[in-house]
Each structure stands twice: as C-alpha cells, then as structure tokens.
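Below: one structure, written as structure tokens.
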Amino acid sequence: MTTPNLTDAGPRGASTPVGDVVLRVRGLQKYFPIQSSFLRRTIGQVKAVENIDLDVHAGETVGLVGESGCGKSTTGRTMLRLLDPTGGSIEIDGRDVTHLSMRQMVPVRRSAQMIFQDPYSSLNPRHTIGKIISSPWEVQGVNPEGGVKKSVQELMARVGLNPEHYNRFPAEFSGGQRQRIGIARALALRPKLIVCDEPVSALDVSIQAQVLNLLEDLQNEFNLAYVFIAHDLSVVRHIADRIAVMYLGRVMEITDSDSLYRSPRHPYTKALLSAIPLPHPSMRGQRERIVLTGDLPSPSNPPSGCVFRTRCWKAQDRCATEIPPLSEVSPGTSVACHFPEPAKEPVSFTPPQA
Amino acid sequence: MTAQSTGQVAGAGTTKRAFLELDELKVSFQTEDGIVRAVDGVSFALERGRTMAIVGESGSGKSVTSQAIMGLHSRRAAKISGHAWVDGVDIVTAPEADIRALRGTQMAMIFQDPLSSLHPFYTVGKQLVEAVQAHGEVPKAEARRRAVTMLDRVGIPNAARRVDDYPHSFSGGMRQRAMIAMALINNPALLIADEPTTALDVTVQAQILELIRELQVEYNMAIVLITHDLGVVAESADDVTVMYGGRVVERGGVDEIFSRPSMPYTWGLMSSVPDMEADRGKRLEPIPGQPPSLINLPKGCVFRPRCAYAQHVPDGRCDTERPDLTPVDEGHDARCFLTLDQKRTLAVKAPGTEEVA
Ligand SMILES: Nc1ncnc2c1ncn2[C@@H]1O[C@H](COP(=O)(O)OP(=O)(O)OP(=O)(O)O)[C@@H](O)[C@H]1O
Ligand SMILES: Nc1ncnc2c1ncn2[C@@H]1O[C@H](COP(=O)(O)OP(=O)(O)OP(=O)(O)O)[C@@H](O)[C@H]1O
Ligand code: SF4
Ligand SMILES: [Mg+2]
Ligand SMILES: [Mg+2]
C-alpha cells in the first residue's frame, strides 16, 4: 500500500496516547452502476469512492470534507456496510466485516452506529420518542439493565432532552431536539464508533453549537470514535483531530486539523480553505482567493492521472499520465499530489499583530 | 423608474425616502393555533449600491420580511401593516398590478433553492426570454441575445450553446448562476437574496458572492442579503440587521456590529460559531434554549428566557417591560435594557476581532 503512516499517526499528534483502532479501511471502493433506461443494461459506473485507506482510533474524531458529490456520504455508509463495497476491506473493532451478510452484521452494529443530517426524515413520525430510542435494543434483542423505559429516559437526560417527553412524537420537537433524539438512539448500544453524516448542517448556529458540545462531551465520556462528515470547514476544524480532504471519491490529503488549516499541502485543500469567508469585516481582502474554474468532473468519467488536474493551477504533463499516490510528506501528513505545497512551520502561539 | 404609482407615495416635497425603506412593517398569519406574529415592527433603510444583511435564527422572520418587500404575501392569508417603500411605492398598499410591474423590473429575488425559480420543463433560454418579454415589447431575437449575454455575464461557459439546455443538466452552482441571470436580466435596482449560497459548497459560494458583488457595482443595485452565515455577512454587507422573534434587536454598520455587538442575542450568535483562528480546544458557547413561539411571545424582553445577562438589569425590568431599540452610537441601535457601559464591557465579540483590534 502506498499509505504508510496514516495508520500510526495518533490523534492530536504524538503526545496523545493512541487508542485502539476501531475502524480500519483498506482500498475501499464503491461504484454505482449506470443503467440504460431501455434495456436496463449497465452502461457505465459512477466511481463514488475510489481506493480509500483510513484508520480511526478510539476517542478520535476524523473529519471528512470536500465538495458536494465527492463521495463523503457514500464512504461513510460503505464503511458501516449500509452499502456493499465494490472493492477493498473493512474491519470494525478488529473484525473483518467486508463480506458479512446483513444478518451477520447485526451484532457488529452494536459497536458502530450512524447519525444523519436530516433529523426529520431519519425518525419515524408515527413512533414515540421512547420507541425510537429503544429500537436498537429491540433489533439486537437486548434487555437493558433497569428496564427499557428507565434506560431510555437516562439516555434522554444525557443528551439534554426532557425525560418526561418519552411518549411524544418527533413532530413535537424542534430540529435541534430531533438531532438529539438521533444521537440518543445511536448511543443506545454504547457503540465504539459513530459515523456522523452532516449532523449539524441543518441547524441554526446556536443549536449547532449545543449539539457539537454534546458530541464532544459524549466522546470524552465514552471514549467514542467519530467519523465526522461536514461541508462547513470551521465546524470540522473545531471538532476533528484529523481531517481527510476528498475530491472525486479519493482522499487528496489527510493530516491533523491544525496542520491542515495552517499549512495545506494539496493544491485542492489550499483552494478549498481560501474560499472560506473571513470572519471579520476588517479582514476583507486580506487573503488571496484561489478561484477554481469549471465544475467538478463527472465521477463516471474521471480525468486520467490526477483527478484534480483539470482544475489545478500547478498541473504538468506528468499529472495527466501518472496517478499521484497518497504518500507521507511529513510525519502524520499524507498528500496525493506530484507537486505538493511546501510546509509552513507553525509561527508561534501568540496571535499575529495587525 | 416607470413606477409612478397610484399607491401611497411619499408626497412630493416631504422628507426624502431611502430607495428601500421599511417603517414598522408587521406581518401576521391567522393559524389554527392562534395568530403568528412573524414580523412585528421592522424598520430599516437601504440605498442603491449598498448591501443590508439580515441575520437571525430560523423562524425569526427574515423570509417573511423579504416576501413582504416583494409583495408576495397573499393579502387574504397575511395581515400586513406599516410601510415598505420601494422607490417611493408603498408595497403594503399599492395595487397588485403596480407591484407586479415593479417585480422583475425594479426588484427581483433569488432563493436558496434555484429549482424553485427555474421550471424543469423549459430550457433555461426560454425562461430567460420570457422574463424579458414579460416586461416590455422586445423582439424574440433581441430577447434571446440578451439571455445569452446575461448567462455569459454570470459565468456560464459556452453560454450560446448552454442557453438551450434544461435546468437539470446544469450543476448546482450553474443553476444558481442561471437563477441570478433570471433575476437580473431586467436590470433591477433592488435584489433580495434569501440564503443564496446556503446550499452550496464554499468554493461555489465564493464564486457566487463575488459575482453578486460585481453585478452590484455594475448595476448600482441595493441588495438585501439574508443569511445565517456570519462569515458571509462579514465579507459582503455594508449594514446589518439582527432579527429575533420577528423584530429587529440590533442594527448598524457591519464594522460596528462585529467590533461592538451590543446586546446579548448578538453576543450569543457570535460565540456560537467556531472560530477558525482560535485554539481548537476552546468550547463553543451556544445560546441555551429554543427560539420563542411567535404565537405566545414571552412577556417583557422577547430574549429574556434565554438571556444570561438579565440579572444586570435592575428591578426585573427584563421580565415585565419590552425594551425599545435605542442608540448605542451613531447609526447603531440595540434593543436591550443594559446600560451603554454594560453593553461595552459585557460584550462577546465576533471571531477574529482580537487579531485585528
Ligand atoms: N445510490 C446511488 N446511485 C447512483 N449514484 C449515486 C448513489 N449515491 C450516490 N451516488 C453518486 O455518488 C457520488 C458521491 O455521492 P455522495 O452522496 O457520497 O457525495 P457527498 O460527498 O456526500 O455529497 P454531499 O455533500 O452533496 O452530501 C455522486 O456523484 C452521487 O451522485
Ligand atoms: N404562511 C404562513 N402561515 C403561518 N405562519 C407562517 C407563514 N409563513 C411563515 N410563518 C411563520 O413565520 C415565522 C417566520 O418565518 P420566516 O420564514 O420568515 O423565518 P426565517 O427567519 O426566514 O427562518 P429560516 O432561517 O428558517 O428561513 C415562522 O415561525 C413561520 O413558521
Ligand atoms: S433586555 Fe434584559 S433580557 Fe433582554 S437582552 Fe437585554 S438584558 Fe437580556
Ligand atoms: Mg452527503
Ligand atoms: Mg427563511
């Protein structure tokens, strides 16, 4: 494999102890067939996920960012076997689950859960909150200690819901509260890993902050690992220890959050970061913006060589012929580019003077 | 320019009105559960060439306000009072026909979801041509030429060819551009942009905001920009109106609002967003609780149930009395009982403020 050290790079740099690997993915691929409308013959493939390697450790948050359609959700769902992988392997909590049947997957789901962006559509409107949060126990045939109702109410209290609302229906809750219901349900089985797909994207900033704080508290309490998918880069920087930047189904760069923002090494990462609005009006015009021209190429017909080359200002002949492997450029940082940006050292810990 | 209206016009010779001026605008809806006071007395003024951002959480009345400016509320369903003058025409009282004439020529709107203003069954070009022809006798060939020029102007590659495509064959960013082309094809003086980039990636968002800024200069447009993204406000707005529970709780120039936010709700907004410059370990400080019900507004200050500063105000005034919008500085007002001094010393500033102070 061309990705030596993602595996060993610990969360939050070398000083933090590295937890056990709870998710290990190698060479993950997911293609969707494109079928002709007449003969239902497969006439092509949407290459939604291409050759992804990733390790996620206990207690760690790995962020997944990239433009719409780059394959973040598909990666998250395939890693949890909600979709069948086209290629590669998946290990959850030390067990190879790549080829397990859906029935064999049931016990695995105790350790790995998912929460979704849309708190509205992911909750059955005809079920009470109590029934929704306890549904994982039912599926697993688990009898929680102290009884279902008491355990659900404990979970509700833990995520900041009023336990007296046990018998209410989703429609009676606000967006932020519904997201808490989704989180309580994901927690019911005390998983080791939760894949969070845009968990705060539909929420107002103040409610978003409440939910982010809750996720952080739960992580500390239960040593949870998160794969955190979001398009809001400031949210991801805040919550993630490491970040993988995706483009057209591939990981372009993976490194710890601070390095990524301080010193993006992949040209695409650099462009992505330069597009974030600056937070204060007096900073207007202080940053050079790299405007990417053109649209995302089609994932059914990706460019040869480096998939980013059609929009990259550094592209050379070599980029069209040779796929740049994701390789380590400095400890804990891997980049898939023939011409990565030079590293910027951390300046100092005092804020820059105006 | 054409709209010399039959509606309530500011009598000639009286005080000069701003190009867009809202005066105690109120919009309420009768529902099964009671009367929803969605907009409860909003006032602001905006001149051509300038951008007013409206921020506030979901349900605070931003979209209802903008729809009232566009005259989009059905007068049967919504009860509207106060004034909304656009170039001297009061949209609240003007005849439907006058408002229709204004829409599409003097004022236009773009939305978060471009598919809501692009029809899936017609080519983009046909829709643009119709928009041109709806407001004047323009020969088809001329209208089509303008459609292509406009698509080119908003950055659609191969505009002359893509003009005959259907909306679904455009990417998200291109649809947003096509919708902007549609809104601007008749050269409006006022553009209302309701969350125009919320559904887009940062890269596309940056392109679209840049495009809107360029077109603003070119056409000298007044822009009302509704967004919940404070970064977008910091980059694009001249003035800011902060709404909470259907009313304006703070307003002022963009630098003022970010450097000296002056009431607790605005502080809450600013401390809720992760700060890209700060230490990652810093905990977010969200506003506790939920937005208020617009049917049963809390007594006293509408923000009181979520406010952590009310104990600084003597005599429990926050619980019993509604604060007015009062001046903090020239052109900067806030709706809060805290003293000027407290507003300064207790303030939580926007991310990035320290670095540039
Ligand atoms: N069930 C499916 N069948 C066919 N193509 C699919 C399917 N699901 C996803 N795709 C395609 O796979 C690619 C990746 O989609 P995915 O939803 O994973 O992207 P994403 O990064 O999550 O985007 P977003 O930020 O918009 O959620 C897209 O081109 C998408 O159209
Ligand atoms: N036609 C209507 N009938 C009844 N209530 C309505 C109607 N339209 C809007 N409302 C209510 O008015 C309030 C303000 O809504 P508005 O759409 O202006 O909020 P907003 O600030 O734009 O929020 P968001 O950020 O979610 O778009 C909400 O409580 C909404 O439910
Ligand atoms: S008036 Fe009182 S309750 Fe309202 S924002 Fe000011 S301090 Fe808070
Ligand atoms: Mg997705
Ligand atoms: Mg709205």
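The values are calculated or read from the model by the stated rules, or taken from the named source; none is laboratory data. Model, not experiment: these values are computed from the prediction. Don't worry about glycine lacking a Cβ; one is built from the backbone with ideal geometry, like all the others, and counts go over all protein chains shown. Side chains are part of the model used for accessible areas, which takes the heavy atoms of the whole protein and leaves out ligands, DNA and RNA. Shrake-Rupley method; radii C 1.70, N 1.55, O 1.52, S 1.80 Å.
General remarks:
- Subset of the stretch B:202-224 (residues that are touching a residue at least 12 places away in the same chain (Cβ under 8 Å) and within 12 Å of chain A (Cβ to nearest Cβ)): B:Val204, B:Gln205, B:Gln207, B:Ile208, B:Leu209, B:Leu211, B:Arg213
- Boolean, B:Ser259 is facing chain A (nearest Cβ under 9 Å), under 30 Å from B:Leu46 (Cβ atoms), among the polar types (S, T, N, Q) and without any contact (Cβ under 8 Å) to a residue 40 or more places away in the chain: no
- Qualifying residue in the stretch B:258-271 (condition: basic (Lys, Arg), surrounded by fewer than 17 Cβ atoms within 10 Å (Cβ to Cβ) and away from ligand 2 (no atom under 16 Å from the Cβ)): no
- Candidates A:Lys192, A:Lys149 - the one that is out of contact with any helix residue (DSSP H, G or I) (no Cβ under 7 Å at 6 or more places or on another chain) and over 27 Å from B:Gly56 (Cα atoms): A:Lys192
- The number of residues in the stretch A:189-202 being within 16 Å of ligand 1 (Cβ to nearest atom) and either part of a loop (DSSP other than H, G, I, E, B) or surrounded by fewer than 24 Cβ atoms within 10 Å (Cβ to Cβ) (or both) comes to 6.
- Scanning the stretch A:221-240 for residues that are closer than 15 Å to A:Ile194 by Cα, touching a residue at least 24 places away in the same chain (Cβ under 8 Å) and open to solvent by 10 Å² or more (accessible area, probe 1.4 Å) turns up A:Phe222, A:Asn223.
- Among the residues making up the stretch B:77-93, those that are touching a helix residue (DSSP H, G or I) at 6+ places or on another chain (Cβ under 9 Å), of a type outside the set (Gly, Ala, Ser) and in a strand (DSSP E or B) are B:Ile80, B:Val86, B:Val89.
- Condition met for B:Met243 (over 20 Å from B:Gly331 (Cβ atoms) and either touching a helix residue (DSSP H, G or I) at 6+ places or on another chain (Cβ under 9 Å) or within 16 Å of ligand 5 (Cβ to nearest atom) (or both)): no
- B:Asn220 open to solvent by 30 Å² or more (accessible area, probe 1.4 Å), more than 30 Å from A:Val245 (Cα to Cα) and at pLDDT 95 or above: yes
- For A:Gln117, the conditions (1) within 14 Å of chain B (Cβ to nearest Cβ); (2) away from ligand 1 (no atom under 16 Å from the Cβ) all hold with the exception of (2).
- Residue that is farthest from A:Leu123 (Cα to Cα), among those in the stretch A:153-180 that are exposed (fewer than 15 other Cβ atoms within 10 Å of the Cβ) and within 14 Å of chain B (Cβ to nearest Cβ): A:Asn162
- The residue that is farthest from the other protein chains (Cβ to nearest Cβ), among those in the stretch B:154-172 that are open to solvent by less than 10 Å² (accessible area, probe 1.4 Å) and touching a Leu at 6+ places or on another chain (Cβ under 8 Å), is B:Val163.
- Of the numbered criteria (1) among the β-branched types (Val, Ile, Thr); (2) within 12 Å of chain B (Cβ to nearest Cβ); (3) more than 16 Å from ligand 2 (Cβ to nearest atom); (4) open to solvent by 10 Å² or more (accessible area, probe 1.4 Å), the one A:Val205 fails is (3).
- Complete set of residues in the stretch A:311-336 that are of a type in the set (S, T, N, Q) and buried (at least 19 other Cβ atoms within 10 Å of the Cβ): A:Thr333, A:Ser334
- Qualifying residues in the stretch B:274-327 (those that are polar (S, T, N, Q) and more than 9 Å from ligand 3 (Cβ to nearest atom)) - the one farthest from B:Tyr244 (Cα to Cα): B:Thr320
- Among helices (runs of 4 or more DSSP H) entirely within the stretch A:56-152, having at least 3 residues that are open to solvent by 30 Å² or more (accessible area, probe 1.4 Å), more than 16 Å from ligand 5 (Cβ to nearest atom) and more than 29 Å from A:Asp232 (Cα to Cα) singles out A:102-108, A:129-140.
- A:Ala244 vs. criteria open to solvent by less than 10 Å² (accessible area, probe 1.4 Å), away from chain B (no Cβ under 14 Å) and in contact with a His (Cβ under 8 Å, 6 or more places away or on another chain): no
- Some residue of the stretch A:288-306 being open to solvent by less than 20 Å² (accessible area, probe 1.4 Å) and in a helix (DSSP H, G or I): no
- Count of the stretch A:120-136 residues, restricted to those that are more than 16 Å from ligand 1 (Cβ to nearest atom), polar (S, T, N, Q) and without any contact (Cβ under 8 Å) to a residue 24 or more places away in the chain, is 0.
- Selection of the stretch A:241-278 for residues being farther than 19 Å from A:Ala315 by Cα and either assigned to a strand (DSSP E or B) or free of Cβ contacts under 8 Å to residues at least 12 places away in the same chain (or both) yields A:Arg242, A:Ile243, A:Ala244, A:Ile254, A:Thr255, A:Asp256, A:Pro277, A:Leu278.
Conditions tested, residue by residue: (1) open to solvent by less than 30 Å² (accessible area, probe 1.4 Å); (2) part of a loop (DSSP other than H, G, I, E, B); (3) within 16 Å of ligand 5 (Cβ to nearest atom).
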| position | (1), (2), (3) |
| --- | --- |
| B:Glu277 | no, yes, no |
| B:Leu297 | no, yes, no |
| B:Ala308 | no, yes, no |
| B:Asp319 | no, no, no |
| B:Ala334 | yes, no, no |
| B:Phe337 | no, yes, no |
| B:Gln342 | no, no, no |
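- Evaluated against (1) within 13 Å of chain B (Cβ to nearest Cβ); (2) crowded, with 21+ Cβ neighbours inside 10 Å, A:Met283 falls short on exactly one condition, (2).
- Total residues in the stretch B:235-256, condition open to solvent by less than 40 Å² (accessible area, probe 1.4 Å), assigned to a loop (DSSP other than H, G, I, E, B) and more than 9 Å from chain A (Cβ to nearest Cβ): 2
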